[in-house]
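Here is the structure we will look at, set down as structure tokens.
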Amino acid sequence: MSTEVKAAASPLWAKPGATINHDAMSFMSRDDVILDRELFLFDIRATKAHVNGLNSIDLLSDDETRDILHALDELVELFADGSFVLDERFEDGHTAIESYLVEELGETGKRVHLGRSRNDQVAVALRLYMLDALKTIRAQCLEIARAALGVARRHEFDPMPGYTHLQRAVPSSIGLWMGSFVEGFLDSAELCALTRHWIDSSPLGTAAGYGVNIELPRQQVSDELGFACLQLNPMAAQASRGRIEHQVVSTLWQAMQEVRRLAWDCSLFSTQEFGFLTLAPEFVTGSSIMPNKANPDMAELLRASTAVIGGALSEIQQTMSLPSGYQRDLQITKPALIRAVNVTREALTHIPKLITSATYHTDTMRSAIERSMLATDQAVDLAKGGVPFRDAYKQAAAQIESLELTDSTIDESLRSRRSPGACGNLMLDELERRIIAGVGSEPHAASD
Ligand code: ARG
């Protein structure tokens, strides 16, 4: 896309006699203005709050304020129905808003940028965008947790092998396996909430990074946008750009780690060698040459999506080597952030259906449990009877061939593990309580 992007015809900062080299401008903008489509509505919202702020300190009259707010509402509608296209005619989304206002309102439109810079403008738009993205992703994590809970309940005591090092270890259950994703995605949801809390402060009103010689009603503007607090020091506000993005993408990476583990398990357990599950037809593809194939492409691409998030994290990390003050380098963190958000959102969308529509082959799983896997229970049983555990371990090792492997000894193995969270006491009701509490306690933040 970037090679096709032409430079903006006339940037906001153009001065008489200044040279605009369009190739150089294209390099500096790249696809930034196209990415600003994702930020545009947040930018407009923050612009409205800024305008109200100027009005309350009499730097915009009531009439001017009304006209600007009205024009901004119109711009939202035109953007939504596609009649206002944000493209390379503008240097960026911020320029587009101002150009629209000047075109619609003339003199009045030219007043909107008083007391702000594109540096705090982009920072606040990004902040609102990230709060919104984390809110959606948190809700998606809770939905996945709920879907996994349904599978865990259906198969609470259905046995499957538990592996360590991918070697058969002890009897486990589908309930335990799926319950691990319930808790994993609950943790991810919690991390989204924590990160939202951490980033929930307004940089608007810090201008280019040094404040302005107006007493801006920053708190009022921040309250209007719903932020929990202000970022006070203007230089600190600028210095947080990129680092906040890094924290957000790192949060997404955590959620995607659970996706990767789930996708790995799905691809492994659906092999002919395991045969533990069959993915629904909509999630597998055929081969162009081998008529017999049903490939778990969805699981594989979900697994690989995590790499995209890791790449974005690294891009942001590599950019963060800057002195104080705004540097244009920071623009490079934007594509990484937006890509990570979009890939995560899209990946998470597919997970509930992927796990609820799979067929779990309970007989195959049960029959993959072999006698030796009861040895740990046997050692513990002997120790419970008074034998020191290290001796019991040796005795159980010597008794493996005589251990009784039947459906009921497997079931008993699961049910006898009673400590909280173990196969015989998964505490699925408690996990459900945590999901409900999570859904009910959506923390208030500026994107609400
Ligand atoms: N696209 C720019 C960015 O993302 C907007 C801010 C431009 N500020 C500036 N001083 N050139 O950082």
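The values are calculated or read from the model by the stated rules, or taken from the named source; none is laboratory data. Remember, it's a predicted structure, so these values are computed and weren't measured experimentally. For neighbour counting, all protein chains shown are included, and Cβ atoms are generated from backbone atoms with ideal geometry for every residue, glycine included. Surface areas here come from the heavy atoms of the whole protein model, side chains and all, with no ligands, DNA or RNA. Shrake-Rupley method; radii C 1.70, N 1.55, O 1.52, S 1.80 Å.
What to note about this one:
- Under 21 Å between alpha carbons - lysine pairs in the chain that sit 8 or more apart or on different chains: 7
- The chain: most fluctuating residue of Trp264, Trp13, Trp198 per GNM, C-alpha cutoff 10 Å: Trp13
- Calculated [θ] (222 nm, deg cm²/dmol) that DSSP helices of n ≥ 4 give over the chain, each run adding -39,500 (n - 2.57): -19500 deg cm²/dmol
- Alpha-carbon Debye profile of region 160-244, log10 I(q)/I(0) at 0.10 Å⁻¹: -0.49
- Debye equation applied to the C-alpha atoms of region 300-448, log10 I(q)/I(0) at 0.14, 0.18 Å⁻¹: -0.95, -1.15
- For region 1-117, carbon and sulfur atoms together expose 51% of the accessible surface, with a 1.4 angstrom probe and every protein chain in place.
- Angle of helix 389-399 to the longest C-alpha principal axis of the chain, folded into 0 to 90 degrees and rounded to 10: 60°.
- Sorting Asp87, Asp187 by solvent-accessible area of protein heavy atoms yields Asp187, Asp87, largest first, with a 1.4 Å probe.
- Percent RCO, i.e. relative contact order, over region 28-183, from Cα pairs under 8 Å lying at least 6 residues apart: 21 percent
- Counted over region 171-315 with a bin width of 10 Å, the fraction of Cα pairs per bin, in whole percents, is 10, 26, 23, 17, 12, 9, 3, 0.
- Antiparallel bridge percentage (DSSP; both residues within the chain; nearest 5): 80 percent
- Per residue, region 211-370 exposes an accessible area of 47 Å² to a 1.4 Å probe, with every protein chain left in place.
- The accessible-area ordering, largest first, of the residues Lys334, Lys384, Lys394 stands as Lys384, Lys394, Lys334, per a 1.4 angstrom probe.
- Here the label points at Thr19 and Ala422, each 7 Å from Cα along the C-beta direction, are separated by 7.7 nm in the simple model.
- Isotropic mean projected area of the C-alpha convex hull, region 144-203 (nm²): 5.6 nm²
- Solvent exposure of region 1-128, expressed per residue, is 47 Å² of accessible area, with all protein chains present and a 1.4 angstrom probe.
- Entry note, the chain: relative contact order of 18 percent, from Cα contacts under 8 Å with a spacing of 6+ residues.
- Our Cα-only numbers for region 5-121 put the radius of gyration and Dmax at 14.4, 42 Å.
- Solvent exposure of Thr271, expressed as accessible area, is near 40 Å², computed with a probe of 1.4 Å over the protein chains only.
- For region 333-384, alpha-carbon Rg over 2.2 N^0.38 Å: 2.20
- Taking Cα atoms only, the orientation of helix 32-56 departs from the longest principal axis of the chain by about 60 degrees.
- Tail weight of P(r) past 16 Å, computed on alpha-carbon pairs of region 56-173, percent: 76 percent
- Backbone amide hydrogens, once placed in the peptide plane, bring Ser172 within less than 5 Å of Met160, Gly162, excluding anything fewer than 5 places away on its chain.
- Cut-off 15 Å, label 7 Å out along Cα→Cβ of Ser402, residues of region 369-384 by amide N: 375, 378-379, 382
- Comparing Gln140, Gln272, Gln220 in a Gaussian network model of the chain where C-alpha atoms under 10 Å apart are linked, the largest mean-square fluctuation is found at Gln272.
- Taking GluC sites (Glu not before Pro) as exposed when DSSP calls them loop and at most 11 other C-beta atoms lie within 10 angstrom, the chain has its longest site-free stretch at 1-214.
- Residue of Arg433, Arg138, Arg241 that the Gaussian network model of the chain assigns the largest fluctuation, springs spanning Cα pairs under 10 Å: Arg433
- Whether the chain is rounded, prolate or oblate, judged on the alpha carbon gyration tensor where a/c under 1.5 counts as rounded: prolate
- For the residues Asp391, Asp265, a 1.4 Å probe over the protein chains yields an accessible-area ranking, largest first, of Asp391, Asp265.
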